[in-house]
């Protein structure tokens, strides 16, 4: 019984664990100008590192920047960067260049 109760507590806590957001910036040594129109089909998908890599590849951009909910971004415009915003449930809400 002594081992059962702590195990039960850990099991119930594990149900509260959620996926962690992806790294904030991903950069490749190659790439070019961003094409956000090519990746709009990913809006509504889960914001994961794997999805970020796909968006980076399909957009042709050199850099990917994730935007967490209610986060502030610098206003510098980079033609080689794709921006991906997501909400509290880690769902992609917008993909833009800049």
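The values are calculated or read from the model by the stated rules, or taken from the named source; none is laboratory data. Computed from a predicted model, the values in this text were never measured in an experiment. No Cβ is skipped: glycine too gets one built from the backbone with ideal geometry, and neighbour counts run over all protein chains shown.
In summary, strands (runs of 3 or more DSSP E) completely within region 52-98 and bearing 1 or more residues that are farther than 14 Å from residue 35 by Cα and over 9 Å from the mean Cα position of the chain (by Cα) occur at 92-97. Does residue 26 qualify as being surrounded by 15 or more Cβ atoms within 10 Å (Cβ to Cβ) and either in contact (Cβ under 8 Å) with a residue 12 or more places away in the chain or in contact with a helix residue (DSSP H, G or I) (Cβ under 6 Å, 6 or more places away or on another chain) (or both)? Answer is yes for this residue. Scanning region 29-47 for residues that are closer than 26 Å to residue 87 by Cβ and either modelled with pLDDT under 95 or touching a helix residue (DSSP H, G or I) at 6+ places or on another chain (Cβ under 6 Å) (or both) yields a total of 6.
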